[in-house]
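Peer 1: Mind looking over this structure? Questions follow.
The values are calculated or read from the model by the stated rules, or taken from the named source; none is laboratory data. In this text, all values refer to a predicted model and were calculated from it rather than measured experimentally. We place every Cβ from the backbone using ideal geometry, glycine too, and count neighbours over all the protein chains shown. Note: areas computed on protein heavy atoms with side chains; ligands, DNA, RNA excluded. Shrake-Rupley method; radii C 1.70, N 1.55, O 1.52, S 1.80 Å.
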Amino acid sequence: MSIADDILKKATDYFSYDEQLADEEIPVMLVDFAIEKFKQRRNYPPHFTEEQIENDMKNHMMVLAMAVVDLFAKYGTEGETEHSEKNIQRVYQNAYISEAVFKDVCPYVGCIR
């Protein structure tokens, strides 16, 4: 099973506790987007192997799953930071993955000699 499959399963499991969302199918595209944004955030050094990157992502599985949940919650309202409908108002931190999801994810940095 790939890391994307593991993330999708965790995100799907999250929704299984809500009767209204239990049968929702999460688009794989959201998982791919969350992985790509995570990799950008981590800023892996060029010498990192795919195995090292995958192991790091496994260590952050819940963060990646919550990024997918965050994206799915905004599905259909892409680009909006506010949405009102039938006396319900939603305000998002931003239109993509909320900063709060990745707040504890630190990037790798190099040093200047």
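Peer 1: Residues with amide H under 5 Å of PHE48's amide H, sequence separation 5 or more or different chain, H placed in the peptide plane at 1.01 Å from N; which?
Peer 2: Those qualifying (amide H under 5 Å, at least 5 residues apart or on another chain) number zero.
Peer 1: Starting from one equal scatterer on each C-alpha and no solvent at all, send me the Debye-based log10 I(q)/I(0) for the stretch 24-64 at q = 0.26, 0.29 Å⁻¹, two decimals.
Peer 2: At q = 0.26, 0.29 Å⁻¹ the computed log10 ratios are -0.96, -1.09.
Peer 1: Here's something else I'd like to know. Of the accessible area of the chain, with the probe set at 1.4 angstrom, what percent is carbon plus sulfur?
Peer 2: 51 percent
Peer 1: With each run of n ≥ 4 DSSP H residues scored as -39500 (n - 2.57), what mean residue ellipticity at 222 nm is computed for the chain after dividing by its residue count and rounding to the nearest 500 deg cm²/dmol?
Peer 2: Computed mean residue ellipticity for the chain: -14000 deg cm²/dmol.
Peer 1: Mind ranking 23-30, 34-41 by how tightly packed they are, going by the mean number of other C-beta atoms within 10 angstrom, highest first?
Peer 2: Numbers: 23-30: 13.2, 34-41: 17.1.
Ranked by mean Cβ neighbours within 10 Å, highest first: 34-41, 23-30.
Peer 1: OK, next. Calculate, for the chain, the solvent-accessible area per residue in square angstrom, rolling a 1.4 angstrom probe over the heavy atoms of the protein chains.
Peer 2: 70 Å²
Peer 1: Based on the Kirkwood radius over alpha-carbon pairs, what value in µm²/s does the Stokes-Einstein equation return for the translational diffusion coefficient of the chain at 4 °C and 1.567 mPa s?
Peer 2: After rounding, the answer is 84 µm²/s.
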